[in-house]
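Contents: one structure, followed by commentary.
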Amino acid sequence: MKQPQEIEVWYILPGLRKELAKELVNLGMKQKEVAYILGITEAAISQYFKSKRAKDIIFNKKIKERIKLAARNISHNKDLFVKEIQELCALIKKDNFLCEIHKKYDKIPEKCDICFRNSTEILKPIKRIKSYHNCPICGIHYKLKMLNCPNCGYITGVNYANISR
């Protein structure tokens, strides 16, 4: 199964660049300038206009309207490109469009919700990792962040049996 990030890289981002390129050119920018802003080649811009690239991604009305607003913002301040792309990606996730594209190009579980679970819920299993250590030399219980046992100086993780004396 492909990761959602792979779907974004291979399908969503090219689709966004295509739509942004078209909008920016419609706002009067030259293809060369648009290519520079989007970080792609002029040939890629040309292929977007000829529907040779990112032709299978068709955004819904809400996303298209947000792309138009993003293009207007970028045309006034080119430094907003990354911010606008991030906001568009967030909207695409929120509106389940990423899931639609993921289902179109990959087999995913019917009730997949990984993109919608918040980070604290996803990270809960990670927080259960042992954060304390029992010293095998003196038996004291200390935080794993400490490299040495505060009582006897044992170095955490060192196998003393393999050290020649």
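The values are calculated or read from the model by the stated rules, or taken from the named source; none is laboratory data. Nothing here was measured: the structure is a model prediction, and the numbers come from that model. Here the Cβ is made from the backbone with ideal geometry for all residues, glycine too, and neighbour counts use every protein chain on show.
A few points about this structure:
- Condition met for Lys111 (exposed (fewer than 10 other Cβ atoms within 10 Å of the Cβ), in contact with a Ser or Thr (Cβ under 8 Å, 6 or more places away or on another chain), modelled with pLDDT under 95 and outside the structural domain of Pro14 (by TED's automatic domain parsing)): no
- Every pair of residues 6+ apart whose Cβ atoms lie under 7 Å, when the first sits in region 54-80 and is in the same structural domain as Gly28 (by TED's automatic domain parsing) while the second is of a type in the set (Gly, Ala, Ser) and surrounded by 15 or more Cβ atoms within 10 Å (Cβ to Cβ): Ala54/Gly15; Ile57/Gly15; Phe59/Gly15
- Check on Lys93, surrounded by 15 or more Cβ atoms within 10 Å (Cβ to Cβ) and among the charged types (D, E, K, R): yes
- Some residue of region 86-98 being of a type in the set (Phe, Trp, Tyr) and either outside the structural domain of Lys18 (by TED's automatic domain parsing) or modelled with pLDDT of 95 or more (or both): no
- Residue that is in contact with a Phe, Trp or Tyr (Cβ under 6 Å, 6 or more places away or on another chain), surrounded by 14 or more Cβ atoms within 10 Å (Cβ to Cβ) and either of a type in the set (A, V, I, L, M, F, W, C) or part of a helix (DSSP H, G or I) (or both), where the choices are Lys18, Lys22: Lys18
- Residue match in region 60-76 (condition: among the polar types (S, T, N, Q) and under 17 Å from Val9 (Cα atoms)): no
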